[in-house]
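Here's the structure we're looking at; comments come further down.
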Amino acid sequence: AFAHLARFMANGHNGVHGPFVQGALLEGTFFNPRMAGAQDTRYAFEPARHIFDELNESGVIKLVNVAPEFGKPAYDLIEYLGTKGVVPGTGHTDATGTQIAEAIRHGLRYVIHFTNGPTGGSYKPFEGGGTIEATLRTDDVYAELICDGYHVSPEYKRDIIARKTTEKIISVTDQMFVAGTDVRTFRHGQLEGEVAPDGSHIRVVNKKNTLFGSCLTMDVGFSNLLSLLTRNMAGVWHRHHPAMPLDEALLAASAMSSTNPARMTGLLDDPCCPTGALEPGKMGDVVLGTLEGKPGGYRFQVSRLFVRGHEIDLSAPPPDAG
């Protein structure tokens, strides 16, 4: 898969017809098998430099999931990734708060798919709580949120955004290949997945409350964030979250969807391809559209797209990736 992606990145189509791919995430290798979610536990390994190097033969991996509860091997790999210009994150983990703090000291940058099933927490005071508590109490790591309305309930999302601030949240889709297709059931490794009847989300068959990636697209995720931020609502831990004015919510949703991930990955000020903000000297990566609806119920409709300063024909079919 990484070799195929490397071919796409080098074949002249990258960024010409739409997506400009900068690299890949290695999520399902150095994770805790007990926190697998929809991952195949046959491919869970103790963190090791040589395994990463073998998997990264193509050189396209830019983000890696490492579970800190492996201890010294995990901290060693996190440090090693930093020397390679690769961003270490953690998810599918049951690490204690103490282990997360140690991982941060070794270079951990973000928490993958925060608060989803494979992220451990603890209400007890021992060892600094769990991953959830450690993430919320520090500004040293970003927290990813899948903003489809199913992976994380709106009440918790609003609480997390309030605690972490909009500068430390990254909105992602966790989209799978079935998004936008007629596929309703599929098999991935040893796991069977099914799309909900209304096409809203994907779940693991015979594994209660376990989601299998998502059908979310970024425009819908952006719309969901705008709607979430512009309505008065109660959280789980907060009695009341006031509605943001639309102009503030637009800036916050844009930052969580673009500027924050660009800053976290180093792309914001990358000497070759800086992106993630509308500033002189940055690549012209811009999405234009219309906003429909009202506070608490917005829908952003994409109308024009610019990648690296060139407008993309949204009606043209994508070329063969080769």
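At 222 nm, what value in deg cm²/dmol follows for the chain if DSSP H runs of at least 4 each add -39500 (n - 2.57) and the sum is divided by all its residues, to the nearest 500? Please report the intermediate quantities before stating the final value.
Working: 9 runs with 82 residues, N = 322.
Theoretical 222 nm ellipticity from helices: -7000 deg cm²/dmol.
Could you provide, to the nearest whole Å², the per residue accessible area of the range 1-86 with probe 1.4 Å?
On the way: 4230 Å² over 86 residues.
About 49 Å² of surface per residue is accessible.
How many percent of the accessible area of the range 163-252 is carbon or sulfur, using a 1.4 Å probe? Don't jump to the answer; show the numbers that get you there.
Working: 2580 of 5080 Å².
Ligands and nucleic acids excluded, carbon and sulfur reach 51 percent.
Of the trypsin sites (Lys or Arg not before Pro) in the range 225-296, which ones lie in a loop per DSSP and count no more than 10 other C-beta atoms within 10 Å? Can you show the working numbers first?
Working: sites: R231, R239, R263, K282; in loops: R231, R239, K282.
Counting only loop positions with at most 10 other Cβ atoms within 10 Å, the trypsin sites (Lys or Arg not before Pro) in the range 225-296 are R239.
Find the accessible area per residue for the range 262-322; the probe is 1.4 Å, ligands and nucleic acids are left out, and the unit is Å². It would help to have the intermediate numbers written out before the result.
Values: 3940 Å² over 61 residues.
Accessible area per residue, the range 262-322: 65 Å².
Please compute the contact order of the chain in relative form: average sequence separation of alpha-carbon pairs under 8 Å and at least six residues apart, divided by the residue count, as a percent. Write down the numbers at each step before the final one.
Working: 601 pairs, mean separation 43.0, N = 322.
RCO, the chain: 13 percent.
Over the range 1-88, calculate the relative contact order: mean separation of alpha carbon pairs under 8 Å at least 6 apart, over the residue count, as a percent. All intermediate terms of the calculation are to be shown ahead of the outcome.
Values: 100 pairs, mean separation 27.0, N = 88.
Averaging sequence separation for qualifying contacts and normalising by length gives 31 percent for the range 1-88.
Which of K124/K164; K157/K294; K84/K282; K208/K294; K84/K207 have a Cα-Cα distance over 32 Å? Before the final figure, lay out the partial values.
Working: K124/K164 21 Å; K157/K294 20 Å; K84/K282 24 Å; K208/K294 35 Å; K84/K207 37 Å.
With Cα atoms farther than 32 Å apart: K208/K294; K84/K207.
Work the Kirkwood hydrodynamic radius out for the range 246-319: mean of 1/r over every pair of different alpha-carbon atoms, inverted, in Å.
On the way: mean 1/r = 0.0724 Å⁻¹.
In the range 246-319 this quantity evaluates to 13.8 Å.
What is the packing order of peptides 202-213, 295-306, taking the mean over residues of other C-beta atoms within 10 Å and listing the highest first?
On the way: 202-213: 16.5, 295-306: 14.9.
My ranking of the peptides, most packed first, is 202-213, 295-306.
Relative contact order for the range 12-151: what is it in percent, counting Cα pairs under 8 Å that are at least 6 residues apart?
Values: 251 pairs, mean separation 28.3, N = 140.
Contact order relative to length: 20 percent.
At 0.890 mPa s and 25 °C, plugging the Kirkwood radius over alpha-carbon pairs of the chain into Stokes-Einstein gives what diffusion coefficient in µm²/s?
Rounded, D is 119 µm²/s.
For the range 194-322, how big is Rg over Rh, using alpha carbon atoms and the Kirkwood form of Rh?
On the way: Rg = 17.8 Å, Rh = 17.4 Å.
Rg/Rh for the range 194-322 comes to 1.02.
The values are calculated or read from the model by the stated rules, or taken from the named source; none is laboratory data. Just so it is clear, the model here is predicted, and its values are computed rather than measured. Cβ coordinates were reconstructed from backbone atoms using ideal geometry, including for glycine residues, and neighbour counts include every protein chain displayed. These area figures cover heavy atoms from the full protein model, side chains too; ligands, DNA and RNA do not enter into them. Shrake-Rupley method; radii C 1.70, N 1.55, O 1.52, S 1.80 Å.
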